[in-house]
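K.L.:
There's a structure below that I have some questions on.
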Ligand code: ATP
């Protein structure tokens, strides 16, 4: 099974692109959402999280206390690295299992930090979705109940787009200059030929 990563900076349009691939019957693994699910439901991962962040990392009902976790990892880079070191391998393992159970010619895995954490190397191909940073900020502010400083802070924590483009097999321009559908169909046809 061919596994293809979809990444890009915040607000670049990763999810929008993946929704179009889904219309072409290509299954998509949304890694960031799955990471949250695994952190709340995978017992092994939960005990590892507790050993790093303490039992306060979970509510009494067993759900992840996201506010508590965020408050720790945003101020402690060491703890963030430790958390990533246990969550990313668990997500990778789950994604491989998921991908192998699909019946399509190829599958997609969408994640914001595929290049930053090196997991793109375990995928067969990488699609990077791009758009100018001012446009990304505007789109995110329109979409979320967020503010400029918060979005800018998240952008500054990500690798610049030009670094992601260097390791891309396919680049999708989501600035509105080129047709999104045409670019996606072209990549889809290429991937079908490779499968
Ligand atoms: P995040 O990193 O925050 O998860 P993302 O890369 O998945 O973001 P999307 O959620 O797909 O990005 O897009 C961000 C916002 O921009 C959404 O509200 C989406 O509807 C809008 N958007 C995406 N592409 C376009 C486009 N070509 N034209 C207009 N709006 C767009």
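The values are calculated or read from the model by the stated rules, or taken from the named source; none is laboratory data. Because the structure is a prediction, the values reported are computed rather than measured. Cβ: placed from backbone, ideal geometry, glycine included. Neighbour counts: every protein chain shown.
K.L.:
Can you report the number of residues in region 1-15 which are over 14 Å from residue 128 (Cβ atoms) and in a helix (DSSP H, G or I)?
P.N.:
The qualifying residues number 1.
K.L.:
For a quick check of your reading of the model, give me the residue pairs whose first member lies in region 172-183 and is touching a residue at least 24 places away in the same chain (Cβ under 8 Å), whose second is part of a loop (DSSP other than H, G, I, E, B) and more than 10 Å from the ligand (Cβ to nearest atom), with beta-carbon atoms closer than 6 Å and at least 6 apart or on different chains.
P.N.:
Matching pairs, first to second residue: 175/132.
K.L.:
So which residues in region 26-57 are free of Cβ contacts under 8 Å to residues at least 24 places away in the same chain and in contact with a strand residue (DSSP E or B) (Cβ under 8 Å, 6 or more places away or on another chain), if there are any at all?
P.N.:
46, 50, 57, listed by residue number.
K.L.:
Follow-up question, since we're still on this one. Among the residues of region 162-173, which ones are more than 13 Å from the ligand (Cβ to nearest atom), surrounded by 12 or more Cβ atoms within 10 Å (Cβ to Cβ) and not in a loop (DSSP other than H, G, I, E, B)?
P.N.:
Listed by number, the residues that qualify are 163, 165, 170, 171.
K.L.:
Of everything in region 21-33, what is touching a helix residue (DSSP H, G or I) at 6+ places or on another chain (Cβ under 6 Å) and in a helix (DSSP H, G or I)? Give them in sequence order.
P.N.:
Answer for region 21-33, where residues must be touching a helix residue (DSSP H, G or I) at 6+ places or on another chain (Cβ under 6 Å) and in a helix (DSSP H, G or I): just 31.
K.L.:
Being at pLDDT 95 or above and part of a strand (DSSP E or B) is the requirement here; does residue 129 meet it?
P.N.:
Yes: the conditions hold for residue 129.
K.L.:
If you don't mind, another one. Please go through region 89-111 and give me each residue that is surrounded by fewer than 19 Cβ atoms within 10 Å (Cβ to Cβ) and closer than 29 Å to residue 50 by Cα, ordered by number.
P.N.:
89, 90, 92, 93, 94, 96, 97, 98, listed by residue number.
K.L.:
Scanning region 145-156 for residues that are in contact with a helix residue (DSSP H, G or I) (Cβ under 8 Å, 6 or more places away or on another chain) and either touching a residue at least 12 places away in the same chain (Cβ under 8 Å) or part of a loop (DSSP other than H, G, I, E, B) (or both), which turns out surrounded by the fewest Cβ atoms within 10 Å (Cβ to Cβ)? Before you say what the answer is, go through the steps one by one.
P.N.:
Taking region 145-156 as the starting set, the residues that turn out to be in contact with a helix residue (DSSP H, G or I) (Cβ under 8 Å, 6 or more places away or on another chain) are 146-148, 151-152, 155.
After this cut, where a residue has to be either touching a residue at least 12 places away in the same chain (Cβ under 8 Å) or part of a loop (DSSP other than H, G, I, E, B) (or both) as well, the list is 146-147, 151-152, 155.
Values: 146: 14, 147: 10, 151: 20, 152: 13, 155: 17.
Across region 145-156, the extreme among qualifying residues is 147.
K.L.:
Of the numbered conditions (1) at negative phi; (2) within 14 Å of the ligand (Cβ to nearest atom); (3) not in a helix (DSSP H, G or I), residue 176 fails exactly one; give the number of that condition.
P.N.:
The failed condition is (1).
K.L.:
Hey, can you tell me all the residues within region 46-67 that are more than 19 Å from the chain's Cα centre (by Cα), under 16 Å from residue 84 (Cα atoms) and in a helix (DSSP H, G or I)?
P.N.:
If the condition is that a residue be more than 19 Å from the chain's Cα centre (by Cα), under 16 Å from residue 84 (Cα atoms) and in a helix (DSSP H, G or I), then 46, 47, 48, 49, 50, 51, 52, 53, 57 are the ones that fit.
K.L.:
When residue 42 is evaluated against the numbered criteria (1) modelled with pLDDT under 95; (2) crowded, with 17+ Cβ neighbours inside 10 Å; (3) within 16 Å of the ligand (Cβ to nearest atom), which criterion, by number, is the only one it fails?
P.N.:
(3)
K.L.:
Of all residues in region 88-134 being within 16 Å of the ligand (Cβ to nearest atom) and free of Cβ contacts under 8 Å to residues at least 60 places away in the same chain, which is nearest to residue 16 (Cα to Cα)?
P.N.:
Taking the candidates together, the pick is 132.
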